[in-house]
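Everything on this sheet refers to the single structure shown next.
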């Protein structure tokens with residue numbers, strides 16, 4: 001692996017930075033009220049704090065926005081961060097979803113079956129979105145990047161006949177940054193085509209195989225954001241084409257077609273890395289680089305020392321971007 005000299009400028013904020021890193025104050029507040037009040041009382045408690053002048057409307061709204069994320073953090077820690085299906089079965093999360101739905105019905109003054117169905121679907125989308133944020137944070141905010149030419153090559157040349165069991169992400173959660181010139185296109189906030197420039201991927205255990213949970217991030221010319229959340233089931237003994245066809249069938253005609261190229265790109269990335277394709281480390285944080293090198297040099301038997309280094313590294317992670325490069329001709 002090639003290492004570049006330490007860059008002086010940090011990379012531009014990602015969608016994760018906007019929705020998590022830059023929202024830490026609200027997230028911390030949500031954690032505090034969840035711990036203090038519990039799920040069923042935290043929203044009312046936040047409203048009362050505003051009435052008493054102890055919290056601003058802005059702070060309370062931020063904490064309410066991330067209340068579900070705070071629950072997901074606790075549940076994911078218990079069941080396993082990448083185990084999305086197991087998390088959905090957890091009673092604490094189910095109770096939180098019921099409580100949230102009851103609160104919405106009460107505030108809106110509507111409690112019909114159709115209304116509950118609509119909001120139940122919206123809540124599940126929110127769970128999936130917030131779970132992506134939680135896993136990306138817990139797994140160290142790993143960043144990979146692929147140049148436009150290589151991305152186009154991987155999408156085009158990765159065979160659909162490759163077996164699902166041979167496809168393993170380099171880490172179980174990471175962000176793949178892609179240039180708009182790569183030609184990956186999704187639907188923007190107004191339904192018009194917009195470039196997909198970030199792919200958040202989580203690899204999760206599944207019966208007889210695994211699943212890739214994908215968050216595709218788009219921004220239009222006006223810098224307005226949109227996303228598509230796609231879950232791809234990779235069953236052992238089946239091919240990449242099989243997995244794509246099954247996901248397409250399950251999603252129906254309304255889904256964003258850009259996810260198929262993203263899935264092929266991820267498969268190509270896994271093969272590029274597994275086959276020893278060239279990768280360059282671009283460091284932008286000297287402390288992260290020093291801690292990373294210390295961790296690599298610390299024997300695995302020194303578990304306490306390694307855990308301390310991991311905790312320090314987590315605070316400044318990732319500090320680098322791993323850039324996939326085209327093999328020399």
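The values are calculated or read from the model by the stated rules, or taken from the named source; none is laboratory data. As the structure is a prediction and not an experimental result, all values here were calculated from the model. A quick note on method: Cβ atoms are made from the backbone with ideal geometry, for glycine too, and the neighbour counts reach across all protein chains shown.
Filtered by the rule that a residue be crowded, with 22+ Cβ neighbours inside 10 Å and more than 11 Å from the chain's Cα centre (by Cα), region 187-203 gives 194, 196. None of 312, 329 is at negative phi, in a helix (DSSP H, G or I), modelled with pLDDT under 90 and outside the structural domain of residue 152 (by TED's automatic domain parsing) except 312. From the residues in region 204-218 that are surrounded by fewer than 19 Cβ atoms within 10 Å (Cβ to Cβ) and under 25 Å from residue 141 (Cβ atoms), which one is farthest from the chain's Cα centre (by Cα)? Residue satisfying both the conditions and the ranking: 206. Among the candidates 238, 248, 224, the residue that is more than 26 Å from residue 79 (Cα to Cα), out of contact with any strand residue (DSSP E or B) (no Cβ under 9 Å at 6 or more places or on another chain) and surrounded by fewer than 20 Cβ atoms within 10 Å (Cβ to Cβ) is uniquely 248. Would you confirm, using the coordinates I've provided, whether residue 136 is over 19 Å from residue 39 (Cβ atoms) and either crowded, with 20+ Cβ neighbours inside 10 Å or in contact (Cβ under 8 Å) with a residue 24 or more places away in the chain (or both)? Spelling it out, residue 136 is indeed over 19 Å from residue 39 (Cβ atoms) and either crowded, with 20+ Cβ neighbours inside 10 Å or in contact (Cβ under 8 Å) with a residue 24 or more places away in the chain (or both). With respect to residue 197, is the statement that it is touching a residue at least 12 places away in the same chain (Cβ under 8 Å) and under 18 Å from residue 239 (Cα atoms) true? For residue 197, the condition - touching a residue at least 12 places away in the same chain (Cβ under 8 Å) and under 18 Å from residue 239 (Cα atoms) - is not met. Return yes when residue 145 is under 13 Å from the mean Cα position of the chain (by Cα) and either within 28 Å of residue 291 (Cα to Cα) or in a strand (DSSP E or B) (or both) and no when it is not. Considered against the rule, which asks whether it is under 13 Å from the mean Cα position of the chain (by Cα) and either within 28 Å of residue 291 (Cα to Cα) or in a strand (DSSP E or B) (or both), residue 145 comes out as no. Among the conditions (1) within 22 Å of residue 137 (Cβ to Cβ); (2) outside any helix (DSSP H, G or I); (3) out of contact with any helix residue (DSSP H, G or I) (no Cβ under 7 Å at 6 or more places or on another chain), the only one that residue 81 does not satisfy is (3). Against the condition in contact (Cβ under 8 Å) with a residue 24 or more places away in the chain, out of contact with any helix residue (DSSP H, G or I) (no Cβ under 7 Å at 6 or more places or on another chain) and either surrounded by fewer than 17 Cβ atoms within 10 Å (Cβ to Cβ) or not in a helix (DSSP H, G or I) (or both), how does residue 307 come out, does it pass? Criteria not met by residue 307.
Of the strands (runs of 3 or more DSSP E) lying entirely inside region 178-296, those containing at least 3 residues that are closer than 21 Å to residue 124 by Cα and touching a helix residue (DSSP H, G or I) at 6+ places or on another chain (Cβ under 8 Å) are 193-206, 209-219, 225-235.
Among the residues making up region 50-64, those that are buried (at least 16 other Cβ atoms within 10 Å of the Cβ) and either under 21 Å from residue 18 (Cβ atoms) or touching a strand residue (DSSP E or B) at 6+ places or on another chain (Cβ under 6 Å) (or both) are 59, 60, 62, 63, 64.
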